[in-house]
1. Relative contact order for the chain using alpha-carbon pairs under 8 Å, separation at least 6, rounded to a whole percent?
2. Give the peptides 237-244, 147-154, 135-142, 189-196 in descending order of average Cβ contacts within 10 Å, highest first.
3. Per DSSP H run of n ≥ 4, the term is -39500 (n - 2.57); total these for the chain, divide by its residue number, and report the mean residue ellipticity at 222 nm rounded to 500 deg cm²/dmol.
4. So, in Å, what gap is there between the alpha-carbon centers of the range 51-69 and the range 148-197?
5. Could you tell me how many cubic angstrom of Cα convex hull volume the range 140-263 has per residue?
6. What angle, in degrees between 0 and 90 and rounded to the nearest 10, separates the Cα long axis of helix 227-236 from the longest principal axis of the Cα atoms of the chain?
7. Computed from the mean reciprocal separation of all distinct C-alpha pairs, what Kirkwood hydrodynamic radius does the range 32-256 have, in Å?
8. Using the basic label-point model (7 angstrom from Cα toward the beta carbon), what is the residue 135 to residue 176 distance in nanometres?
Amino acid sequence: MRKRFVALVVVMAVYLVTNEAGQTAGASFQLPLQLHTSIPEMSSCLQLIVVTTESWNTASATIRLFERIRAGPISWHQVGKPFAGVTGARGFAWGIGLHGTGEAGAPRKKEGDESSPAGVFRLSSVFGLASSDQVRFLRFPYQQITATTEAIDDPQSEYYNCVVNRAAIAHPDWSRSESMLRVGGPYRCGIMIEHNWQRRPGFGSCIFLHVWYSARRGTAGCTAISSADLEQVLHWLDAQKNPLIVQLPLPEYLRLRRFWQLP
């Protein structure tokens, strides 16, 4: 009986340190679900990108830009007209962001699941092939990408969910990555979305808002729009206005709208 008990304990221990993809992730994969009833960062947000779909498993999206003149309970007003976008090929799944980690009853974002993260997120920087001199109009941090700029999606790497210059890393420890020259559609530019910023292994990495390849083609997990619409967003975006992005199926957006101070 004791031998059977010890064997069971060993099996349970192995299970707890292995994620669903068979990769060691430790306690990080056991992150509990939690959906915040309020988002303090929203009170200081003056610019908001809203991405909605018809349902959790729909890739076609509608995108709206909103702004307000000062922080607090001030009415939002829409900037321009709504425009089309696409999310991950499998739609949305709860990501890790300012909203928390999500709630039961809906998909949860995992590495390689072809879902875009749902929730509320900061925007960290803009990336592109252009030099800094060519994008002086930007009011946002900018990172020029080169042939050695890589997005690391290997959960075992110290640099998981980071965009790095491979040439500057003495001992690259990843077995999987994506060249940033392949990201961003034909114009090779986009905005970095702060999903899973604490870099918990296996919960999804390197999420961007970038140029689409097709209006009918979902992504591997990013949100994509036309080059003309991305150009509009880049000229509008202002880091001093604490911009955020909200990504939700429309029914969830309407349910959470009042709690999260959404337009």
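1. Details: 600 pairs, mean separation 64.6, N = 263.
Once normalised by length, the contact order is 25 percent.
2. Working: 237-244: 17.0, 147-154: 19.4, 135-142: 13.9, 189-196: 23.8.
Most protected by this proxy first, the peptides run 189-196, 147-154, 237-244, 135-142.
3. Working: 3 runs with 32 residues, N = 263.
Helix contribution divided over all residues of the chain: -3500 deg cm²/dmol.
4. Spelled out, the Cα-based centre of one part sits 26 Å from the other.
5. Hull volume normalised by residue count: 142 Å³.
6. 80 degrees
7. Values: mean 1/r = 0.0567 Å⁻¹.
Roughly 17.6 Å, rounded to one decimal.
8. Result for the modelled spin labels: 2.7 nm.
Bear in mind these aren't lab numbers, they're just calculated from the coordinates by the rules spelled out. All values derive from a computational prediction rather than experimental measurement. With ideal geometry, Cβ positions are generated from the backbone for all residues, glycine too; neighbour counts draw on all protein chains shown.
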